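Beneath this line is the structure, given in structure tokens, with notes to follow.
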Amino acid sequence: AQSVSQHNHHVILSEAASLELGCNYSYGGTVNLFWYVQYPGQHLQLLLKYFSGDPLVKGIKGFEAEFIKSKFSFNLRKPSVQWSDTAEYFCAAMMDSSYKLIFGSGTRLLVRP
Amino acid sequence: ETGVTQTPRHLVMGMTNKKSLKCEQHLGHNAMYWYKQSAKKPLELMFVYSLEERVENNSVPSRFSPECPNSSHLFLHLHTLQPEDSALYLCASSQRTDYEQYFGPGTRLTVT
């Protein structure tokens with residue numbers, strides 16, 4: 001079955017530390033990939049997306065993600081996190097350009113000042 | 001209002017009540033979605049409408065009944081719900097069904 005896995009459920013970092021959140025999907029065909037963020041008390045917002053082209057995509061607030069097809073991965077990175085990055089991060093995949101957006105279970109990031 | 005709005009933000013209802021959730025998108029999109037977000041579970045797609053036609057009913061019980069009167073509005077009619085239906089219900093919209101989706105703030109539903 002098609003699925004998206006986020007292996008880190010909780011991550012705690014200090015400010016200025018580097019961040020990498022893992023995301024893997026299980027599907028051998030064409031995928032569109034997304035990272036969404038949900039700040040405390042706010043709604044889901046799109047951080048970045050990959051449809052095609054350069055596998056390294058840059059999003060808002062200094063985030064980037066790299067699509068590695070051979071590893072079925074789309075990991076999210078940020079070189080230096082801030083306290084304001086405290087949020088829940090969701091990876092999502094759309095297989096074969098269908099309307100079905102499949103979400104991972106999310107990763108809660110806490111950044112300590 | 002901009003983006004995707006949802007009302008009410010919070011709803012408490014008994015198992016015999018009938019209520020409706022409303023979603024409105026101000027983005028000129030052609031597709032709208034209902035999702036369920038339960039504790040410790042990934043977001044689950046419930047319904048998809050594209051150009052006001054339902055294209056997905058993801059094995060959702062009949063006690064949930066969607067309605068899409070036009071491309072800007074989406075409703076979720078609720079009746080005889082169960083306590084396990086308590087969750088955050090999210091609405092989303094997209095320009096096309098294969099484009100990125102934009103989410104509303106959700107309705108926190110509690111069934112007593």
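Observations, loosely collected:
- Amide H partners (placed H, <5 Å) of B:Val55, local residues excluded: B:Val48, B:Tyr49, B:Ser50
- Rounded to 5, percent antiparallel among DSSP beta bridges of chain B: 90 percent
- Cβ charges +1 (Lys, Arg) and -1 (Asp, Glu), total dipole of chain B, debye: 440 debye
- Solvent accessible area, Å² - B:Thr2, 1.4 Å probe, full protein context: 120 Å²
- A compact globular protein would have a Cα radius of gyration near 2.2 N^0.38 Å; the ratio found for the protein assembly as shown is 1.02.
- Accessible area buried by the pairing of B and A, both sides summed with a 1.4 Å probe, works out to roughly 1500 Å².
- If only the Cβ of Lys and Arg carry +1 and only the Cβ of Asp and Glu carry -1, the dipole of chain A around its Cα centre is close to 40 debye.
- ³J(HN,Hα), Karplus 6.51/-1.76/1.60, whole Hz, each residue of the range A:91-97, x for Gly, Pro: 8, 9, 9, 10, 8, 6, 6
- With kT/(6 pi eta Rh) evaluated at 20 °C and eta = 1.002 mPa s, and Rh the Kirkwood radius from Cα pairs, the range A:50-113 diffuses with a coefficient of 161 µm²/s according to Stokes-Einstein.
- Inter-part distance where the range A:29-75 and the range B:1-43 are each reduced to a Cα centre, Å: 24 Å
- In this entry, chain A is assigned a mean projected area of 6.7 nm², taken as a quarter of its C-alpha convex hull surface.
- In this structure A:Asp96 has an accessible area near 90 Å², from a 1.4 Å probe over the protein heavy atoms.
- Since only B:Thr16, B:Phe103, B:Ser65 are under comparison, the one whose Cα sits farthest along the positive direction of the charge dipole of chain B, derived from C-beta charges on Lys, Arg, Asp and Glu, is B:Thr16.
- Per the protein assembly as shown, cysteines lacking a partner by the 4.7 Å Cβ criterion: B:Cys68
- Proximity of backbone amide H atoms, modeled 1.01 Å from N, is registered between B:Thr80 and B:Asn17 at under 5 Å, excluding neighbours fewer than 5 places apart on the same chain.
- Only protein atoms count toward the accessible area here, which uses a 1.4 Å probe; on the protein assembly as shown, the carbon and sulfur part of that area reaches 50 percent.
- Test item: B:97-104 mean partner chain Cβ contacts at 10 Å: 6
The values are calculated or read from the model by the stated rules, or taken from the named source; none is laboratory data. Because the structure is predicted, anything quoted here is derived from the model rather than measured. Neighbour counts run over all protein chains shown; Cβ positions are idealised from the backbone, glycine included. In case anyone asks, the SASA skips ligands and DNA or RNA and just uses the protein heavy atoms, side chains included. Shrake-Rupley method; radii C 1.70, N 1.55, O 1.52, S 1.80 Å.
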